[in-house]
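The values are calculated or read from the model by the stated rules, or taken from the named source; none is laboratory data. Predicted model, so just to flag it, every value in this text is computed and none were measured. A quick note on method: Cβ atoms are made from the backbone with ideal geometry, for glycine too, and the neighbour counts reach across all protein chains shown.
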Amino acid sequence: MGKLNKLLAFHQPSKCNKGGRGAGSIPYTDENMKHVAWCMRNGISIGLIPNWDTAKSWNIDITLKGKVNKDPKDYTDEDALIKMYEYYKYYYDKYEK
């Protein structure tokens with residue numbers, strides 16, 4: 001088995017690699033997915049970024065027209081996921097005409 005195959009053999013997509021962190025998941029609605037899909041088709045994306053200075057905090061990066069803006073607040077796992085969907089809805093409501 002080659003080096004790459006050995007690495008891939010241990011990769012589990014549902015789990016973070018050693019040293020990684022995942023925010024988990026929360027239930028989403030069809031309306032949430034409508035907002036996310038529209039934003040992604042229009043170059044708007046929201047990313048959850050671990051704040052490595054704290055044990056469980058997350059930052060949110062918003063990419064709009066190629067420019068990345070960072071939400072200055074730190075969020076817990078669940079709050080970050082909720083805020084992500086709120087941002088998608090905000091940009092959908094603001095720009096979808």
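Out of the residues in the range 21-53 meeting the condition of being touching a residue at least 24 places away in the same chain (Cβ under 8 Å) and assigned to a loop (DSSP other than H, G, I, E, B), tell me which one is surrounded by the most Cβ atoms within 10 Å (Cβ to Cβ). Ranking the qualifying residues of the range 21-53, first place goes to Ala23. Residues of the range 54-95 that are in a loop (DSSP other than H, G, I, E, B) and either touching a residue at least 40 places away in the same chain (Cβ under 8 Å) or surrounded by 15 or more Cβ atoms within 10 Å (Cβ to Cβ) (or both): Ser57 alone.
Here Tyr90 passes the criteria (1) at positive phi; (2) modelled with pLDDT of 95 or more except the one numbered (1).
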